[in-house]
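The values are calculated or read from the model by the stated rules, or taken from the named source; none is laboratory data. Everything numeric here is computed off the predicted structure, so don't read it as measured data. Cβ atoms come from the backbone with ideal geometry, glycine included; neighbour counts cover every protein chain shown. Please note that ligands, DNA and RNA were not included when accessible areas were found on the heavy atoms of the full protein model with its side chains. Shrake-Rupley method; radii C 1.70, N 1.55, O 1.52, S 1.80 Å.
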Amino acid sequence: MEELYDYMIWGDYNKRMEELADIALEEPWSFGDQNDLGILKNYMKHTFFRLLAENKVVETEKYCVFNTGLFTKYYEQIYVYGEKENFDWKFREYCTDYDLGEYGVEKIPERADYFWDPSLLVFDWHYPVNVQYKHILEDEANRKRLPKMVLKSQNKLAILKGAIDISIKRVMANYKLAVPQYFHGKIQLLLPLYFEKDTPELALVVSKTQNGYYQGHTCLTIEMAYNNARLIARPESNWLVP
């Protein structure tokens, strides 16, 4: 699928992202002190993929336009507007609905949609959780995400099971701790895993099935989890922060 930065001529792509961050509602768009707008770039990349899949990128002979899903401080929707230049699309500016009206845009593009089943967004404590422990503990990519204290322990499984059991009970006590994420066309939930620290070090990814249980697939770093969750909305949980 076509990458956003290849779809049109942006000029200085990094500068365009800075301009978008400046006009959008204020929120953290970088992890820690990196100041690279990594969260925003990831958000725009995957939002564009979703818009393409939903056929929500509007193209005419003269212009193209799509909805970023972001809002200005006045809660106006922000659109990317481009015009045709030598058979290529060229970025012109970020627009509001009013701006698009001034340009005579007839079809206002919709936001990317992830909410086909709202029940997937809330953890149902009636459903047991089946965890793929072997994958989490033996897959090389997953092992690298585990805290050192887990990797060095002779009782890795016991530590991991304990963290997951406590996490499930935390979410049962406060359903808001389960944060929805979008990944590979599916809505999943992220459950915080605590080990030695007062803040979670990993997030367990679970998917709800039609057979009455959740499948616990893998563990993600907090950065990975935040990026996936931000595609749907800015996480409001007190544990999933950048």
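Some points to look at:
- Solvent exposure of the chain, expressed per residue, is 56 Å² of accessible area, with all protein chains present and a 1.4 angstrom probe.
- Net dipole in debye of the chain [+1 Lys, Arg Cβ; -1 Asp, Glu Cβ; about Cα centre; nearest 20]: 1460 debye
- Stretch in the chain that is longest and holds no trypsin sites (Lys or Arg not before Pro) that DSSP places in a loop and that have at most 11 other beta carbons within 10 Å: 1-61
- S207, S119, ranked by accessible area, largest first (probe 1.4 Å): S119, S207
- FRET efficiency estimate (nearest 0.05) - Cβ-Cβ, H184 to E19, R0 30 angstrom: 0.50
- For segment 72-116, taking Cα atoms only, Rg and Dmax work out to 12.5, 39 Å respectively.
- For E102 and E2, the FRET efficiency from 1/(1 + (r/R0)^6), where r spans their Cβ atoms and R0 equals 45 Å, is about 0.95.
- Placing pseudo-labels 7 Å out from each Cα toward the beta carbon at E93 and S30 gives an inter-label distance of 2.7 nm.
- Residue-count net charge about V129 - beta-carbon cut-off 14 Å; Lys, Arg +1, Asp, Glu -1: +2
- Selected from Q181, Q34, Q77 as most flexible by GNM, with the chain as the system and alpha-carbon contacts under 10 Å: Q34
- Restricting the GluC sites (Glu not before Pro) of segment 136-222 to loop positions (DSSP other than H, G, I, E, B) with no more than 12 neighbouring Cβ atoms within 10 Å leaves E196.
- The GluC sites (Glu not before Pro) of segment 1-97 meeting both criteria, a DSSP state outside H, G, I, E and B (loop) and at most 15 other C-beta atoms within 10 angstrom of the site's C-beta, are E2, E3, E26, E54, E61, E76.
- In the structure shown, the pairs K41/K107; K45/K197; K45/K186; K56/K90 are assessed against 24 Å; a Cα-Cα span above that value is assigned to K41/K107; K45/K197.
- Among the listed options (i) 1.15; (ii) 1.07; (iii) 0.95, the one matching Cα Rg over 2.2 N^0.38 Å as calculated from these coordinates is (i).
- Estimated [θ] at 222 nm from DSSP helical runs (n ≥ 4, -39500 (n - 2.57)) normalised by residues in the chain, nearest 500: -9000 deg cm²/dmol
- Summed residue charge, Cβ within 15 Å of Y74's Cβ, Lys/Arg positive, Asp/Glu negative: -4
- Charged neighbours of N55, selected by a Cβ distance under 12 Å, balance to -1 (K, R count +1; D, E count -1).
- Assuming charge only on the beta carbon of Lys and Arg (+1) and of Asp and Glu (-1), the dipole of segment 98-242 about its Cα centre is about 740 debye to the nearest 20.
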